[in-house]
Structures are given as C-alpha cells and as structure tokens.
Amino acid sequence: MKKLLSGNEAVARGAWEAGVVLGTGYPGTPSSEILENLKEYEGVRAQWCVNEKVALEVASGASWAGARVLVTMKHVGLNVASDPLFTLAYTGVKGGLVIVVADDPGLHSSQNEQDSRHYARAAKLPMLEPSDSREAREMAKLAFEISEEFELPVLLRLTTRVSHSRTIVAPGERGEISTPFACIKDPKKRVMIPAYARLRHRVLEKKMERLIRYAEDAPCNRLEEGGGEPGIITSGISYQYCKEVAPDASYLKLGMVYPLPIGTIENFVRSSEKVFIVEELDRFLETEIKAMGMEVTGKRPEYCLGELNPDRIEALLREKSESTSSSPPIPVRPPVMCAGCPHRGVFMVLRKLKLFVTGDIGCYTLGTLPPLSALDTCLCMGAGVGQSEGFRTVLPAEDREQVVAVIGDSTFIHSGITGLIDIVYNGNGGVVIILDNRTTAMTGRQPHPAMGVTLRGEETTATNLEEVCRAVGVRRVRVMNPHDLQGMEDFLKESLPLVEPSVMIARAPCVLLTRGEEPRPYRVDLDTCVACEQCLQTGCPALVKLPDGKVRIEGFLCTGCGVCAQVCPVEAIGEYIRQDEPR
Amino acid sequence: MPEKATSIILTGVGGQGVLLAARILSEAALRSGLDVKSSEVHGMSQRGGSVLAQVRFGPRVYSPLTPKGTGDYLLALEELEALRYCALLKKNSRIMMQRCRILPSPVIAGFTPYPEDSVALLREEGYRVSLMNEDEVGTSGSARFANVFLLGMLACHLQFSPEVWREVVLNAVPERFREQNRQAFEKGRTIL
Ligand SMILES: Cc1ncc(C[n+]2csc(CCOP(=O)(O)OP(=O)(O)O)c2C)c(N)n1
C-alpha cells in the first residue's frame, strides 16, 4: 500500500528492505529521524554512537564482517567522521556500507551550510542524491548494491527539504540476507601501512574509472527530453523546483552526483541550445562539467547562499538577480529557552559575574541571545572546552579568571572529554561547566551514554560524568543544582582563581522530559512588585510584562524552577499555593 | 499541462499542533487518490519558534514548497504568523485563523510592537479572513483542538469526502481525545 513518508522515513525503509542489520549514527538535524525509524523494524539493530567518527568505525567493522550497515549524520557530522572516511575509500568494504549525510541549506538548524558533495570528490566515493521520498527509498537500496559491487562506501546525500518533506512511497519487502558474517583476515586490504595503502590507492583510482562508466547507465540518472528549451542539468530537490517553474524544459536529472557521466552530459549539452546547471549551495556540478570543457550556464553568486525554492529558481533561470521584497517588517519569533529550562540559571550567574563564556552547540547556545547575552563563542561540537584553554593560555594572568567554558552533556561525551584531558595535561586551570540536562535536547531528546539507556530504550551501563572528570585528572568536580544561583556563584568565585582546573556539573533534567509531572507554579505578588524588571532579564517565556511594568507569571507555562524568585530584589515572587491544597 | 496543484499553508507557534494538522491534511489527500507533497520545518519549533508547514496536492505535484503568491488557503493558529506567511497566498484567497496572539520575545522585551489589528491588515492586503474565536470550539480546553477545528473550516472548501476526513482525523489523534477532536472538526465545518 502506498504511504506518505518523509525522506528520512523512506531512507530507513529502503535500508531495511536492502537487508541492513545495523544502523549507527549520532543525532543531528535534519538526519535524526532515520535511525529513530530504523529501530522500529525487525531484524535491525539501530544505535546512537558516541559521535559520528565512532559510528563510522563501528559500521566499518560490521561491514568487514560481511553485514550491510547504514550510518547517519548531519553534514557537519561528516567532518567528524572524515578521518575514517578517507581511508575507508582505500580499504573498501565487504558488506554494503551506506553513509547518509544530511545537508542543511539555509541553516534551519545548523552552524554552517557546507556542501558535503565535496567529500565525494575529496575522498573519491560515489554519492547519490534523491529528490523526494520515493527516490530516497530507491536510492538507499541502490546505494547498497553499488557499495557491494564496487566494494566502496557510498554516500547518500539528503537536504533538509528532502529529509523533512513527505511524499508518496510504495514500500516493498525485505530482501534475503546472506549470512553468516565472519572475521576473515585480509591485512593487505585492511591494514593501511604505507606499503599496502599505496596499492589500495591504485585500486581506488581504478574503481573510480569503473564508476564513471557505471554512471553512464546508472538507473538513477535520467534524461527527460521535453523537447523544449532550455536544457537543465540538476539534482536533488532543485529538480523538483525546476519542474515546477519550467515544466517544458529538457532535463538531465542526476541521481548520482559523483562521479558524473561524461558521455551522457556531453550528448545532453550538444542537443540543447542553452544548458543551465541548477544546484543548491556550491557550484559543484558546474565546476565538474566546466572542467570537462563544456559550455554551460551556471548561477550568479547570490544563488550559492541559502536554500533555493521555486521563486529563486525562476529568477535564476532568467539570469536575473533576486528581487528583494519590500513587505513591511513582521516581528521575528526566535526560539527561546523553555520556561523552567535548567540552562537559564547557569547563564544568569555567568551574566551576573560578567564572565567570558566559551560556548558550544546545543539548546544552551540560545544563552547568547538577549536578554541573557551570556555566551560568547560557538564553533563546533566540543570546541568551547579547548577554546577556554586557548584564551587562558595567552591572556595576561589578571584576565584569565574571566574565562569559563560551558558544554552540554551530550556534547561533552561527543567531543568535550578530549579537550578536558588537554586542559589537565597542559596544566591549564579554569572551570568547565557541564550543562547536564540528562538528554540531547536540541535535536529532539535522544538518549546518550551518560543516561544509561540506548536508542531502543534498553537499559545499559551509564557513563558517570563525575568519574570521567576525576579519572582524567580533575580533582575539583562538583555536582550542582542549576536552579541554585547562589550556590553556583559561590563555586565559580572560589574556583576561577585557582591554578588547578575545576568541573561544575549543573544537573537537572530538561523540562521537556519532566513535562506532565505536577508543576508547582510561582506567582507574583503585585502589591510587592516594584516593576524593576529584574526577573524579565531571565528571558523566561512564562513572565509577562503588564502595562504598568509589573510582571505576571503564566501559570500553565511556569514549572516552578524558582530562578525568577531568586533574582527578585523585593521577594515579590513565591510559590503559588492552591486554595484546596493543605500545606 | 496538467491541472495545477492546490497549496495549503499551515502556520502557528511550536506546540500548537501545526504539524499534526498538516499530516492529517496530507493523509486526506493521499486517501482521495491524489499526488501529495508536504514540507515542514522542525528545527527549533519546540522552543516556541515559528512553525510553517505546506501541503500541496493534485494530479501531479513537483515542489513541496509553494511558489510565492500561488497558495490557495492559509490555516493560522496565531495571528502574527498569519501575517508572516500570507504573502505565499494568491490575492483574494481565504485565511482561516484562530484569534490568538502569542507574543514573541522581541515584543515581550519591548523592542517592537505586536501589530494592532491583524485581521484588518490581512483584509487590507486583499485576503478573505474567517475567524475562529477562542470560545468557539465549545469543548473544554478549546485551544488544544483548534488545529482540527481549522481543518473543519477548510474541509468546506475542499472536495474530500466526509468519510475520508473522519478516518484521517480519528486515526491521527490519541484515543482519549477522539471525541473532542471529532466535535471540533464538525463545529469547524459549520463556519463558512
Ligand atoms: C558534529 C555535529 N554533530 C551533531 C550536531 C547536532 N547537534 C547540535 S547540538 C547537539 C547536542 C546537544 O545536546 P547537549 O550537548 O546535551 O545540549 P542540550 O541541547 O541538551 O542543551 C547535537 C547533536 C552538530 N551540530 N555537530
């Protein structure tokens, strides 16, 4: 029966039909739902790993044992996994290994909009790119076939619009799985010492030549001769937008974006008067095709920025620059930390102490926005810890004390631990604050190793964060309640001047985890309130400013965290006691 | 050239049920034998951000995104969000909107005002606005079922059969809220 599936659901379905037995990855928008869906299928183990690099390493082991494996990540995750990726191209794989990489043009939820197609060229790997869910399922299956035929990992590139759009899919059945899996020694293929790696590099180049020939007849590359002009070479979601605005054009729709079918492209270019290359983000296809010596029309620089859409493509095809709309400004609605978010209290203290905060990625990155305005850097996952060390290393002694690092619990495990070891090893002091909200909140509350549960909900040994910190050599490790502002302030003041490093673990569960538990909302006594607006500096969405400047608390939003009450100078805010409740 | 797709824009604030409404609508189109594509932006929606979903259906749909100025209907669970996305609509098209203002943080902080009369602004732009007033759902906790109420309002303008609607609405909501959702949908249908 036909179903409406998101691109992510369709990839999970296709992989399952292809006989995948293991799915690994690390959460990241827009890729997270792939494994969350895969875990629902029989006969597959889907698991979150510590980070993307580990996910790919686990997958390579399973593949060498002969199993089909799916690995999922967002675009920046592939940066983390790139070390095993490049050499895995040399060694090759045995069981099909498909790496899904989900790009985020337009930065709906990311720190950059890098174009991961460059990885296919750089690592010399085939890459497929679907344009809707139907193709996502088909290409997931095809990717496993290519992977086994060429003994190479295959990249399957999605973008936010493909991952998060629903289109019609006709699901199929699961194919045969050829077991048993086994350890077979083959060091010349799998131990990349220089002598063997030189040979494998040669093998890889040969595979690439074969792949270019394969691309000429690849079932995912499609010629649609509308008979009309112009000719358009495109791929992915851009194809769908083009069809919307230029239904009568002739198309060369590339499902395989690397390597490219030179002969097919040559014929197509020759048969059209004018050929446009339409692609989101970088001029990847354009560069490749122009390097083949063909005359095609690319895009103006502004179309390399952000997401495309039918309107932009219409302008692009007319070779016009974009019209800037003159509609009246509508107030923006930025995301905010939830009412009761345990991160808020920490940022209130950091703000009060006027510290320089090297930050990281997660919900807590919102701490940079006003009114909190208390997070000063965000580069990539794990970076804030090392950055604090860098600042402290070069700053004059009297300025060192103002630097503190914050990092989420999931991010700490992903790539913060190494930075902490570096601080200890290089004799740097300072404070690292682990914002331990007991989940990976930002990407949809996935479990992680310190929680003691897996993706499938099984209980497992929990990594103990305080023991990890002590084991790497930090002696001052303190677990604190992030709703206790004074306590945190005292600990920071005491720790920042020390020559030895300290870790403060601010531990309270994400409010999205405890939603549904009976909240104890607070209330403002309007007779006591002096309209000083101190509480509004918390940026809590449960606080509403009244026309006279005083503040009311939205009872259904308030979780009773008490942070606003602690900053109120006149004690106007307190716990609301219900009439019918004896206390 | 094949018949054009119908495009429906759904918007609101994180937590109001925009995505659920979009899924119900897409399912109704699928079961009515049409091609369907829908697009949603998850991102930070749970943190009180603006949420936009689009559902397009017809004999053949290519883009999941609606070209500007071609949308047919807008369902809005919040007034500011209706203003934000109305430009996706054709002039004269209909907006079904819940009377509801959720102040975004720049308004709360006093950086910028919330538009005074959003309905008048939308009408000035040439849209036809049908309103769902807060007490209109008639069941307790009306705001919770406003998404399904708006779908009821939309249903009057679409060709999907009542059986299809009933099935997709009831399938999409939790068992214990079925009755309230059914009522909200039926009530919505009575508003033209
Ligand atoms: C390399 C990489 N992988 C994944 C992501 C997506 N991502 C952003 S933040 C984050 C983790 C957030 O969890 P945590 O550190 O616990 O902070 P919280 O959101 O819970 O506050 C993830 C997975 C990313 N930005 N970079």
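Could you grab me the full set of residues in segment A:93-119 that are away from chain B (no Cβ under 14 Å), away from the ligand (no atom under 12 Å from the Cβ) and surrounded by fewer than 21 Cβ atoms within 10 Å (Cβ to Cβ)? Result: A:ASP115, A:HIS118. If you check A:VAL503, A:VAL499 for being within 22 Å of A:GLY382 (Cα to Cα), outside the structural domain of A:GLY555 (by TED's automatic domain parsing) and of a type outside the set (D, E, K, R), only one passes: A:VAL503.
Of all residues assigned to segment A:330-352, at least one qualifies as being more than 14 Å from every other protein chain (Cβ to nearest Cβ), surrounded by 21 or more Cβ atoms within 10 Å (Cβ to Cβ) and in contact with a Gly (Cβ under 7 Å, 6 or more places away or on another chain).
Restricted to segment A:164-180, and to residues that are within 14 Å of chain B (Cβ to nearest Cβ) and surrounded by 14 or more Cβ atoms within 10 Å (Cβ to Cβ), which residue is farthest from A:MET1 (Cα to Cα)? Applying the filter and picking the extreme gives A:HIS164.
Would you check if A:ILE421 is over 28 Å from A:ALA102 (Cβ atoms), more than 7 Å from the ligand (Cβ to nearest atom) and not in a helix (DSSP H, G or I)? For A:ILE421, the condition - over 28 Å from A:ALA102 (Cβ atoms), more than 7 Å from the ligand (Cβ to nearest atom) and not in a helix (DSSP H, G or I) - is not met. Residues in segment A:332-364 that are without any contact (Cβ under 8 Å) to a residue 60 or more places away in the chain and within 13 Å of the ligand (Cβ to nearest atom): A:PRO335, A:PHE347, A:GLY359, A:ASP360. Applying the condition of being aliphatic (A, V, I, L, M) and out of contact with any helix residue (DSSP H, G or I) (no Cβ under 8 Å at 6 or more places or on another chain) to segment B:65-109 and asking which residue is farthest from the other protein chains (Cβ to nearest Cβ) yields B:LEU89. In segment B:32-46, the residues that are more than 7 Å from chain A (Cβ to nearest Cβ) reach residues that are at pLDDT 90 or above and part of a loop (DSSP other than H, G, I, E, B) with C-beta atoms within less than 6 angstrom, at least six apart or across chains, in these pairs: B:SER32/B:PHE160. When segment B:16-31 is filtered for residues that are farther than 26 Å from B:ARG99 by Cα and more than 7 Å from chain A (Cβ to nearest Cβ), the ones remaining, listed by number, are B:ALA29, B:ARG31. Could you check, for segment A:366-378, whether at least one of its residues is closer than 22 Å to A:VAL50 by Cβ, assigned to a loop (DSSP other than H, G, I, E, B), within 16 Å of the ligand (Cβ to nearest atom) and at pLDDT 95 or above? Yes, segment A:366-378 contains at least one residue that is closer than 22 Å to A:VAL50 by Cβ, assigned to a loop (DSSP other than H, G, I, E, B), within 16 Å of the ligand (Cβ to nearest atom) and at pLDDT 95 or above. The conditions of being at positive phi and either more than 13 Å from the ligand (Cβ to nearest atom) or of a type outside the set (Ser, Thr, Tyr) (or both) are not met by A:SER388.
Hey, does segment A:24-32 have a residue that's in the same structural domain as A:GLY175 (by TED's automatic domain parsing), crowded, with 24+ Cβ neighbours inside 10 Å and either among the aliphatic types (A, V, I, L, M) or away from the ligand (no atom under 15 Å from the Cβ) (or both)? The answer is no; no qualifying residue exists.
Where strands (runs of 3 or more DSSP E) fall entirely within segment A:465-583, those with at least 2 residues that are touching a residue at least 12 places away in the same chain (Cβ under 8 Å) and surrounded by 17 or more Cβ atoms within 10 Å (Cβ to Cβ) are at A:476-480, A:502-507, A:522-524, A:543-545, A:551-553. Of the helices (runs of 4 or more DSSP H) lying entirely inside segment A:10-82, those containing at least 1 residues that are in contact with a Lys or Arg (Cβ under 6 Å, 6 or more places away or on another chain) are A:52-64, A:75-80. The residues on offer are A:VAL432, A:VAL453, A:VAL404, A:VAL468, and the sole one that is away from the ligand (no atom under 16 Å from the Cβ) and away from every other protein chain (no Cβ under 14 Å) is A:VAL404.
Scanning segment A:375-398 for residues that are more than 15 Å from A:LEU420 (Cβ to Cβ) and touching a strand residue (DSSP E or B) at 6+ places or on another chain (Cβ under 6 Å) turns up A:LEU375, A:ASP376, A:THR377, A:PHE391. Among the conditions (1) at pLDDT below 90; (2) touching a helix residue (DSSP H, G or I) at 6+ places or on another chain (Cβ under 9 Å); (3) aliphatic (A, V, I, L, M), the only one that B:ALA143 does not satisfy is (2). Just one residue in the set B:ARG123, B:ARG60, B:ARG56 is in a loop (DSSP other than H, G, I, E, B), more than 8 Å from chain A (Cβ to nearest Cβ) and among the basic types (Lys, Arg); that residue is B:ARG60. Restricting A:VAL21, A:VAL71, A:VAL50 to those that are surrounded by 24 or more Cβ atoms within 10 Å (Cβ to Cβ) and hydrophobic (A, V, I, L, M, F, W, C) reduces the list to A:VAL71.
The values are calculated or read from the model by the stated rules, or taken from the named source; none is laboratory data. All values derive from a computational prediction rather than experimental measurement. Glycine gets a Cβ as well: all are built from the backbone with ideal geometry, and neighbour counts include every protein chain shown.
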